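The values are calculated or read from the model by the stated rules, or taken from the named source; none is laboratory data. Computed from a predicted model, the values in this text were never measured in an experiment. When the accessible area is computed, the model is the full protein with side chains, heavy atoms only, and any ligands, DNA or RNA have been set aside. Shrake-Rupley method; radii C 1.70, N 1.55, O 1.52, S 1.80 Å.
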Amino acid sequence: MPLYDFHMHTFFSDGELLPTELIRRCIVKGYTAMAITDHASASNIEELVEKVSRDAALAWQHWQIRVLPGVELTHCPPASIPALAAQAKRAGAKVVVIHGETLVEPVPPGTNRASVECPDVDILAHPGLLTAEEAELAARNGVYLEITSRRGHCLGNGNTVVLGRAAGAKFLVNSDTHSPGDIHTPEFARVVALGAGLTPAEADIALLENPKELLLRVDSLRA
Ligand SMILES: [Zn+2]
Ligand SMILES: [Zn+2]
């Protein structure tokens, strides 16, 4: 069964593993493709993308696994998100994740809204108490809403599913891995989707179809 995950951390921010060890462990768990998205702000976008791109190239050459260099813009001023997301894409980030308004951290209010309005944002992670209006903007602008297995952040999954579904928004299931034990298996990713309230058919779309669509978007960027 294919397995995709577009939100993972290394020790370039607060994860435990080097990119190569994270990638190797993901291969063993059955990953098809993955994104490395360390915490970023204006200070470190270029550095992160450049470093991860080198290991992504190595992984492709020797292990034939698709690793997308990305960033997770984290606790940035909401008004700065358009410029920072564009900066990340210019730097070569294939995936721009925003650290959304999780229920367990004082993320600046307005972060969700700025993210779903921004064409350079791919994924709004753990949006917490996302509003119906924000869900509609996400649907309209092609910003994926994240269903997460991350402790604490996962408290908002139910609300994300209910409002996202009503708005016709698209979901992705991510691990937000910081430690080896956070890495998914295909079976666990499915359990996370179903536990958040997706139907089996919706889970298939979130786990299999939406990731392929995102990869196509990435490929079109490159062309
Ligand atoms: Zn986050
Ligand atoms: Zn994260």
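Here is how the numbers come out for the structure above:
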{"read-out": "Long-range HN-HN contacts of F171 with modeled amide H, under 5 Å", "value": "L145"}
{"read-out": "The range 102-223, relative contact order in percent, only Cα pairs under 8 angstrom and at least six apart counted", "value": "21"}
{"read-out": "The chain - percent of accessible surface contributed by carbon and sulfur, probe 1.4 Å", "value": "58"}
{"read-out": "Accessible surface, the chain, averaged per residue in Å² (probe 1.4 Å)", "value": "41"}
{"read-out": "For the range 111-179 versus the range 69-105, the gap between their alpha-carbon centres in whole angstrom", "value": "13"}
{"read-out": "Mean separation of Cα contacts under 8 Å (6+ apart) over length of the chain, as relative contact order %", "value": "19"}
